[in-house]
1. Within the set of pairs 6 or more residues apart or between chains, which connect a residue that is more than 13 Å from I74 (Cβ to Cβ) inside segment 128-154 to a residue that is loosely packed, with under 13 Cβ neighbours inside 10 Å with Cβ atoms less than 8 Å apart?
2. From D75, D62, D38, grab the single residue that is closer than 14 Å to F153 by Cα and open to solvent by 40 Å² or more (accessible area, probe 1.4 Å).
3. Given the options A25, A33, name the one that is surrounded by fewer than 22 Cβ atoms within 10 Å (Cβ to Cβ) and either in contact with a Cys (Cβ under 9 Å, 6 or more places away or on another chain) or small (G, A, S) (or both).
4. Provide a single number: the residues in segment 133-154 that are open to solvent by 60 Å² or more (accessible area, probe 1.4 Å) and closer than 30 Å to R21 by Cα.
5. Given (1) touching a Phe, Trp or Tyr at 6+ places or on another chain (Cβ under 9 Å); (2) on the phi > 0 side of the Ramachandran plot, where does V138 come up short, assuming only one miss?
6. Is it the case that L107 is in contact with a strand residue (DSSP E or B) (Cβ under 8 Å, 6 or more places away or on another chain) and assigned to a helix (DSSP H, G or I)?
7. Checking L98 against (1) touching a residue at least 40 places away in the same chain (Cβ under 8 Å); (2) open to solvent by less than 20 Å² (accessible area, probe 1.4 Å); (3) aliphatic (A, V, I, L, M), which single condition isn't satisfied?
8. Against the condition outside any loop (DSSP other than H, G, I, E, B), closer than 25 Å to S37 by Cβ and free of Cβ contacts under 8 Å to residues at least 24 places away in the same chain, how does I116 come out, does it pass?
Amino acid sequence: MAWNWLASTLPKAKPRVPAGRRIYAVGDVHGRADLLSDLFMRIDNDLEVRPTADSVQVFLGDYIDRGPNSRQVIDLLIARRRRRDVLLLKGNHEACALQFLSDPTVLSKWLNMGGINTLLSYGVMPTRRDDLESQHNVSTALRQAMPDSHRRFIEGLALSFTCGDFFFVHAGVRPGISLQGQSQQDVLWIRDDFLLHEEDFGMVVVHGHTPIYEPDIRSNRINIDTGAYATGRLTCLVLEGDDMSFL
């Protein structure tokens, strides 16, 4: 009994990634190609100053909408993937764009989430009219304007990524459900049920989706969505061993 009491008082080990691996995790970009280009340079400079044989750049979704250059952001990420080890997760905004391409009736919902900026970045003029013909016309125009590589990019985004003691996902996870059993709805959209949960999730969840001004580091989760489209702050979390820093 005494041993069990002693064990319960020992400090919990810091979460860590496997030895020799470095993770660069990036929050919601939302059409800010300027900030993304600048971040690429900062990551490249860090790799030059502190070389490592095993690094991966994890992007947490929401590349499009709200900011002015969604199309350029996707171009930059496609090019980046050719040069570096990159893992790209899906956000709820990419899910909405895909849904609109197959179901034009969700246009108003998508426009209210900032989809108007994505349409404009592809040279497509949005409409606020609710009639089915107008919605179909905009959907058709976007399908024609969007390169096949961009459509494949959005369709191929992953829902989560696990490394060491960290679980990377766009919005968060449903408490009480295994990380492997999470629904797409929750990992893309969840807020309060996840954010207000103070107990352990099994791993430290690194997420975005809910914008804040400074990264929020807690024992069970880390929020790195610093509202880039509005604040000009695109956050990159660096994990190596049990060390944590920001670029």
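The values are calculated or read from the model by the stated rules, or taken from the named source; none is laboratory data. Remember, predicted model here, so these are calculated numbers, not experimental data. Glycine also receives a Cβ, built like all others from the backbone with ideal geometry; neighbour counts cover every protein chain displayed. Ligands, DNA and RNA are stripped out before the accessible areas are found, and what is left, the full protein with its side chains, is counted by its heavy atoms. Shrake-Rupley method; radii C 1.70, N 1.55, O 1.52, S 1.80 Å.
1. V138/M125; A141/M125
2. On the way: D62 fails: open to solvent by 40 Å² or more (accessible area, probe 1.4 Å); D38 fails: closer than 14 Å to F153 by Cα.
Only one candidate passes the filter, namely D75.
3. Details: A25 fails: surrounded by fewer than 22 Cβ atoms within 10 Å (Cβ to Cβ).
Going through A25, A33 in turn, just one is surrounded by fewer than 22 Cβ atoms within 10 Å (Cβ to Cβ) and either in contact with a Cys (Cβ under 9 Å, 6 or more places away or on another chain) or small (G, A, S) (or both): A33.
4. Quick first cut of segment 133-154, residues open to solvent by 60 Å² or more (accessible area, probe 1.4 Å) only: 133, 136-137, 143-144, 148, 151-152.
Next, only the ones that are closer than 30 Å to R21 by Cα stay: 152.
Residues flagged as open to solvent by 60 Å² or more (accessible area, probe 1.4 Å) and closer than 30 Å to R21 by Cα within segment 133-154 amount to 1.
5. Going through (1) touching a Phe, Trp or Tyr at 6+ places or on another chain (Cβ under 9 Å); (2) on the phi > 0 side of the Ramachandran plot one by one, V138 breaks only (2).
6. Details: in contact with a strand residue (DSSP E or B) (Cβ under 8 Å, 6 or more places away or on another chain): no; assigned to a helix (DSSP H, G or I): yes.
No.
7. (2)
8. So I116 fits the description; yes.
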